[in-house]
Amino acid sequence: MQVTRPEAVPELPGRLAAWLGEGAHGTMDWMQDRADQRASPRTLWPGVRSIIVLATNYGPETDPLDLLARKDRGAIAAYAQRRDYHDVVKGRLKELGGYLSAKGDVRVKVFCDTAPVMEKPLAAAAGLGWQGKHTVLLSRRHGNWLLLGAIYTSAELEPDAPETDRCGSCRACLDVCPTNAFPAPYRLDARRCISYLTIEHAGPIAPEFRKAIGNRVFGCDDCLAICPWNKFAHAARDARMAADPAFDAPPLAELAGLDDAAFRTRFAGTPVKRTGRDRFLRNVLIAVGNSGDPALAASAERNLGDASAIVRGMAVWACGALLGPAACRPLYERHGLGETDPDVLAEWRALLDPPEET
């Protein structure tokens, strides 16, 4: 926990405007909305005089990259394998805010990913770390396994010194990205990011990214896990942030069979639940298609008649990837002839009538 001033990142408005102008935020319209408040803490709250930034360690016990080779299992980002961080971090912020308020005529506002606040630049300005080339906050003590929250306060607090950028010439996080989501160091194109595609993006995932997604069913830890600074990191020790073993490498066959009620029960209280069952099943079926295991084709086939179009569409793709066009033609006769959704029909056409090679 450290302190910065609201004016500590004067370049933030220009950086944010350029990023939004490129459309790199994709369909995350909430990044565009209230951009003026996001870029300027005092625009969000004119009464702010100091900003306290809190970082909570969620270091995993194992290397997330190891799971990518287990093609019949789902890879869930480390932060999502535990209780929803909004609940944990915001609870701590409220405790601290209450303490400050009780000390005198001090006003506070608590934020944890629920308001137009740029936590990472503010955390860097407060000296909690620096923003790495993958744009995530890096710490010499915790690597990049940190969850952030902020308290805006009317109190005049002594600011901490910002941390020095210590990435040097390293490009590990940029080079490991499966979808080339970094057009340059310190720049992220969310439209190509697997975390964005599997969590924030609402519709079908473009074919160009499906193979690269592999077995990642919720988020992606590649650029985080590869960072050399993680050699100083340690696993989360707070019981409230303990990972649930049930979310470590769950079988794809189980995940592909979840209806809405089962999904809500299984992921209650975790970040996964907020994405919703349909998007999650979309991701699972992409992973099923990437498994290379024909035995999982039955899991995909069962979803060809799902009520959700994005689930049906990815079920078509998964069946095609595992069985091939000829074996899928009978499936089309059973499930595709009555299809009306244009995206699902496009998946069937791409499978059964592929363009001729030139």
Checking every Cys Cβ in the chain against the others at 4.7 Å leaves as unpaired 112, 167, 170, 177, 193, 220, 227, 319, 328
Identify which of 56, 114, 153 has the largest mean-square fluctuation in a Gaussian network model of the chain, with springs joining Cα atoms closer than 10 Å.
-> 114
Sequence order, region 200-208: Karplus ³J(HN,Hα) from phi using 6.51 cos²θ - 1.76 cosθ + 1.60, θ = phi - 60°, Hz rounded, Gly and Pro as x, gives 7, 6, 8, x, x, 8, 4, x, 5
Checking 325, 64, 183 against a Gaussian network model of the chain (alpha-carbon springs below 10 Å), the top fluctuating residue turns out to be 183
May I ask you to evaluate 6.51 cos²θ - 1.76 cosθ + 1.60, the Karplus curve with θ = phi - 60°, for each residue of region 264-273 and list the ³J(HN,Hα) values in order in whole Hz, giving x for glycine and proline?
-> 4, 5, 5, 10, 4, x, 10, x, 4, 4
Along the chain, longest interval not containing exposed GluC sites (Glu not before Pro), exposed being DSSP loop plus at most 10 other Cβ atoms within 10 Å | 157-355
Under a Cβ-Cβ cut-off of 10 Å, what is the net charge of the residues other than residue 241 that fall near it, where Lys and Arg count +1 and Asp and Glu count -1?
-> +3
Which percent of Cα pairs goes in each bin when the distances of region 123-222 are cut into 10 angstrom slices starting at zero?
-> 13, 38, 30, 15, 4, 0
Pick from 168, 305, 257: which is most flexible by mean-square fluctuation in a GNM of the chain where alpha carbon atoms under 10 Å apart are linked?
-> 168
What are the trypsin sites (Lys or Arg not before Pro) within region 253-358 that DSSP puts in a loop, where the Cβ has at most 14 other Cβ atoms within 10 Å?
-> 302
Between region 40-55 and region 292-358, how many Å separate their Cα centres?
-> 50
Within the chain, how many Lys pairs sit with Cα atoms under 29 Å apart, leaving out pairs fewer than 8 places apart on the same chain?
-> 23
Per residue, the convex hull volume that the Cα atoms of region 1-111 enclose (Å³) = 155
Can you list the residues, at least 5 places off or on another chain, whose amide H is less than 5 Å from the amide H of residue 138, using H built in the peptide plane?
-> 130, 131, 132
With only Lys, Arg, Asp and Glu charged, each at its Cβ (+1 for the first two, -1 for the last two), find how big the charge dipole of region 265-358 is about the Cα centre; round to the nearest 20 debye.
-> 640
How much net charge surrounds residue 187 when only other residues with a Cβ under 15 Å from its Cβ are counted (Lys, Arg +1; Asp, Glu -1)?
-> +1
Would you kindly compute the Cα radius of gyration of region 51-117 and its largest Cα-Cα separation (Dmax), both in Å?
-> 17.2, 57
Can you pull the percent of Cα pairs in the chain with separation above 34 Å?
-> 31
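Every read-out reported here was derived from the displayed coordinates using simple, explicitly stated rules and does not represent laboratory data. Keep in mind it's a predicted model, so treat the numbers as computed, not measured. Cβ: placed from backbone, ideal geometry, glycine included. Neighbour counts: every protein chain shown.
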